[in-house]
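Below is one structure, written out as structure tokens, with a few remarks after it.
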Amino acid sequence: LNRRLRVRAKAWLSAMRLPTLNTVWKRNRNQHARLLLAQLRAGVLQAPFDALPPQNGLPTLQPWMIYRFMSPTRRGASPTKSGGNTPSGVGDLL
């Protein structure tokens, strides 16, 4: 990824890193993380990652956004099932 896309991805990762006890927010954050990982693996950043994250929390993802980049075999699967704590490629952005 070029520098501009890396900066944008890093900003989204920072927005997702905010601590919370709200389970709905955690679920939304995890959906954003899965979608961001899928888009990074595909080498593109599309909505909602085509702009910097909003300052007032993460927007709720539409169902079509969630499934657009997820292959049928990966839907519902955790990106860390490979055994590592950090999905491959995400650590390189930090």
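Of the residues R29, R34, R17, only one is closer than 15 Å to I66 by Cβ and open to solvent by 60 Å² or more (accessible area, probe 1.4 Å); which?
R34
Residues in segment 1-55 that are in contact with a Phe, Trp or Tyr (Cβ under 9 Å, 6 or more places away or on another chain) and among the polar types (S, T, N, Q): Q39, Q46.
Would you call V24 modelled with pLDDT of 90 or more, assigned to a helix (DSSP H, G or I) and open to solvent by 90 Å² or more (accessible area, probe 1.4 Å)? For V24, the condition - modelled with pLDDT of 90 or more, assigned to a helix (DSSP H, G or I) and open to solvent by 90 Å² or more (accessible area, probe 1.4 Å) - is met. Of the residues screened, L58 is not one that is surrounded by 15 or more Cβ atoms within 10 Å (Cβ to Cβ), within 13 Å of the chain's Cα centre (by Cα) and at pLDDT below 90.
The values are calculated or read from the model by the stated rules, or taken from the named source; none is laboratory data. Just so it is clear, the structure is predicted and the values come from calculations on it, not from any experiment. In this analysis, Cβ positions are derived from the backbone assuming ideal geometry, glycine residues included, and neighbour counts consider all displayed protein chains. Protein only, heavy atoms only, side chains kept; ligands, DNA and RNA dropped before computing areas. Shrake-Rupley method; radii C 1.70, N 1.55, O 1.52, S 1.80 Å.
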